[in-house]
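Laboratory data are not the source of any read-out in this text; all were calculated from the coordinates shown. All of these numbers come straight from a predicted model, not from anything done at the bench. All Cβ positions, glycine included, derive from the backbone under ideal geometry; neighbour counts span all protein chains shown.
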Amino acid sequence: MNQVTIRNLNIEDYDLVIKLWKSTEGIGLSDADSQENIKRFLHRNPELSLVAQKGGELVGAILCGHDGRRGYLYHLAIRKDQRLKGFGKELVSNCFQRLKLAGIDKCHIFVFRENEQGIGFWTKNRWESRLDLQIMSSHTDKIL
Ligand SMILES: CC(C)(COP(=O)(O)OP(=O)(O)OC[C@H]1O[C@@H](n2cnc3c(N)ncnc32)[C@H](O)[C@@H]1OP(=O)(O)O)[C@@H](O)C(=O)NCCC(=O)NCCS
């Protein structure tokens, strides 16, 4: 049986989802992924983040949000034994449909440069690397 059920990620899924992310290579976790912060993200971006369930088990997850201008996907993960069955693509397609309905026509992701598998997936699915851009970050408690 190669079908999954895709449904909204709810804060009640947190323990299972964080377990999946922690055991998945290529996913970088930080303070932003505490239960409280994920709860706030889901509240600010209702009905956009998703999980994939198969036979009652959680086998995939993705965070999706937007800032009113561009969409952002984070932490796409499919459990190792369930890969290459189309589930990752299904999660992303579902997020795109929802972002489109929200009036968002472009979406970005952050991928670690050494994550060859992740980059392979996005490239195969026609995402473009932005060689013209560089990500820069700063903590908001820094005094400029
Ligand atoms: C990346 C990941 C989510 C892909 O999920 P998946 O369910 O195995 O991917 P799918 O089965 O939906 O693949 C969709 C298509 O992409 C292709 N594909 C999947 N992984 C690929 C890879 N690493 N390189 C090239 N193509 C790939 C599939 O062959 C399929 O092609 P098709 O539509 O022509 O049949 C999964 O490998 C994973 O969880 N990796 C670890 C976490 C990670 O790196 N996440 C991305 C963080 S930015």
Label point at Gln35 placed 7 Å out along Cα→Cβ; residues across the stretch 51-79 whose backbone nitrogen lies under 13 Å: none
With contacts defined as alpha carbon pairs under 8 Å and 6 or more residues apart, what's the relative contact order of the chain in percent? 20
Would you compute, from DSSP H runs of 4+ residues alone, the mean residue ellipticity of the chain at 222 nm, taking -39500 (n - 2.57) per run and dividing by the full residue count, rounded to the nearest 500? -9000 deg cm²/dmol
Max mean-square fluctuation residue, GNM over the chain, Cα-Cα springs under 10 Å, options Leu91, Leu20, Leu133: Leu133
If I measure Cβ to Cβ between cysteines in the chain, which ones have no partner under 4.7 Å? Cys107
Which whole DSSP H helices in the chain pass both tests: a Cα extent of 20 Å or more along the axis and a mean Kyte-Doolittle value no lower than -1.0? 87-101
Mean-square fluctuation maximum in Gaussian network of the chain, Cα pairs under 10 Å, restricted to Leu29, Leu48, Leu131, hits Leu131
For the stretch 1-87, listing trypsin sites (Lys or Arg not before Pro) in a DSSP loop whose Cβ sees at most 13 other Cβ atoms within 10 Å gives Arg69, Arg70
Stokes-Einstein at 25 °C, 0.890 mPa s, Kirkwood radius from Cα pairs: D for the stretch 54-118 in µm² s⁻¹? 191
Cβ-based charge dipole, the chain, positive-most Cα from Asn125, Pro46, Thr24: Asn125
Qualifying GluC sites (Glu not before Pro) for the stretch 9-63 [loop in DSSP, other Cβ within 10 Å: at most 14]: Glu25, Glu47
